[in-house]
Amino acid sequence: MLSNDSSVLVTGGAGFIGSCLVKQLVACGSDRVVNLDKLTYAGSLDSLSNVMESPKHRFVQGDICDGQLVRELFKEFRPRAVMHLAAESHVDRSIVGPSEFLRTNVTGTVQMLEEALRFWRAESAENRERFRFLHVSTDEVYGSLGPTGSFTESTPYSPNSPYSASKAASNHFVGAYHQTYGLPTLISNCSNNYGPYQFPEKLIPLMIQNAVAGKPLPVYGDGLNVRDWLYVDDHCQALQLILLDGRPGEVYNVGGNTERTNLDMVQTICQLVDERCPNLPHRPCASLITFVKDRPGHDRRYAIDATKLKRELGWQPRESLDSGIQKTVDWYLANTDWVRRVSSDGQVSPKVPRFEAQ
């Protein structure tokens with residue numbers, strides 16, 4: 001454990017994965033969490049309601065591309081680490097508007113690296129030694145797998161969407177800042193996350209809400225695209241281990257070892273909704289499944305080999321897919337107000353004051 005006056009700067013901490021990570025860090029109590037989030041459509045302070053008043057949490061609304069703001073945060077809080085999660089992450093949105101993905105995922109990451117490097121160089125030798133910059137990325141940088149095999153940390157990058165291309169580019173910049181300047185960076189590439197507080201346009205929450213409402217359940221192509229599913233709490237536990245014990249300059253893959261086709265996942269959700277909502281007039285919900293035109297550049301299969309993370313850092317996922325998906329369906333059924341607010345305007349929380357340097 002670190003001293004109680006140390007800080008960690010988390011970017012994107014009001015998003016799906018970020019809010020889960022922030023809550024875990026606050027619960028640990030070993031660091032003050034400085035949470036920088038722009039509060040775009042996918043960010044919500046509702047996701048942080050139980051930590052907003054904690055003395056261990058400081059929320060700052062702002063853009064990672066705002067170099068002056070980021071510099072002020074480094075100066076004021078002198079974090080011992082950065083956990084960089086802020087990103088545009090929806091593949092469909094990247095196909096419609098790739099420029100925003102370039103701005104946030106590439107330019108924003110470089111801005112964070114620049115300010116981290118400036119701060120790190122000015123610190124004492126002891127503080128430079130303990131500083132870490134963890135960049136949270138995706139398995140989609142590796143492209144598409146055939147019917148066998150898994151992504152390892154040495155798999156060549158082969159991104160097929162504007163989203164994955166932007167994340168691959170940002171990964172390369174993070175690695176370059178380590179090799180060129182010595183900045184102690186780490187990269188994690190994770191498989192598909194699921195769990196509470198995920199923005200409702202993503203596959204699992206979308207299917208839950210549409211199944212309850214009796215709306216079509218759109219499945220791309222033949223539905224046989226395979227994904228490796230990872231419960232968000234397990235992912236965030238892995239991120240903490242990587243930050244604490246990972247080796248600078250290294251890449252760590254994080255996966256749930258739970259491959260399922262998209263069609264299998266939708267059918268599982270339908271079964272769970274049927275069981276929990278027996279009075280729905282349109283049951284069985286599987287009758288709502290509708291196959292739609294496939295997404296351009298749709299990767300066929302992802303699978304993560306997390307052997308390195310397990311062997312070197314001792315990580316193991318706690319949730320099976322069966323237990324995790326049940327928890328997820330139950331959460332969305334019990335939190336329809338949150339889903340409705342987020343779905344209606346993309347922003348459920350009021351604006352907060354801009355950070356002012358002390």
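What is the distance, in nm, between label points placed 7 Å from the Cα along the Cα-to-Cβ direction at residue 287 and at residue 103? Going by the 7 Å Cα→Cβ label model, 4.6 nm.
Which net charge results when you count Lys and Arg as +1 and Asp and Glu as -1 among the other residues whose beta-carbon is under 9 Å from that of residue 160? Once all neighbours under 9 Å are counted, the net charge is -2. Region 288-308 and region 6-26 have Cα centres separated by 27 Å.
Would you please put 229-236, 44-51 in order of how densely packed they are, using the mean number of other Cβ atoms within 10 angstrom per residue and starting with the highest?
Working: 229-236: 23.9, 44-51: 19.6.
My ranking of the peptides, most packed first, is 229-236, 44-51.
Legend: distances between Cα atoms for 293/327; 215/293; 202/293; pairs beyond 20 Å are 293/327. Three principal axis extents describe the C-alpha atoms of region 1-125; from largest down they are 46, 35, 20 Å. For residue 261 and residue 90, the FRET efficiency from 1/(1 + (r/R0)^6), where r spans their Cβ atoms and R0 equals 22 Å, is about 0.60.
With the Kirkwood sum run over all distinct C-alpha pairs, region 228-322 has a hydrodynamic radius of 16.0 Å.
Express the accessible area of the chain per residue in Å², computed with a 1.4 Å probe while the remaining protein chains stay in the model. It would help to have the intermediate numbers written out before the result.
Details: 15080 Å² over 358 residues.
Normalised by residue count, the accessible surface of the chain is 42 Å².
Full extension of the chain segment joining residue 52 with residue 274 gains 76.3 nm, where the gain is 0.36 nm per residue of separation less the Cα-Cα distance. Counting only other residues whose beta carbon sits under 12 Å from that of residue 268, what net charge do I get with K and R as +1, D and E as -1? Once all neighbours under 12 Å are counted, the net charge is -3. The modelled label-to-label distance between residue 41 and residue 333, using points 7 Å beyond Cα along the C-beta direction, is 2.8 nm.
Of the three principal axes defined by the Cα atoms of region 132-220, the extents in descending order read 55, 31, 21 Å.
The value for the chain of Rg(Cα) / (2.2 N^0.38 Å) is 0.97. Oblate is the label for region 100-166, because the ratio a/c of its alpha-carbon gyration tensor axes (a ≥ b ≥ c) is 1.5 or higher and a/b is not greater than b/c.
For region 241-259 versus region 76-109, the spacing of their alpha-carbon centroids is 19 Å.
Expressed in units of 2.2 N^0.38 Å, where N is the residue count, the Cα radius of gyration of region 50-121 is 1.26.
Would you mind telling me the antiparallel percentage of the DSSP bridges in the chain, rounded to 5? Walk me through the numbers on the way to the answer.
Working: 3 of 40 bridges.
About 10 percent, rounded to the nearest 5.
Carbon-plus-sulfur accessible fraction, region 208-283 (probe radius 1.4 Å, protein heavy atoms only): 47%.
The values are calculated or read from the model by the stated rules, or taken from the named source; none is laboratory data. The model shown is predicted, which means the values in this text are computed figures rather than measured ones. All Cβ positions, glycine included, derive from the backbone under ideal geometry; neighbour counts span all protein chains shown. Quick note on the areas: whole protein, heavy atoms, side chains included, nothing else; ligands and nucleic acids left out. Shrake-Rupley method; radii C 1.70, N 1.55, O 1.52, S 1.80 Å.
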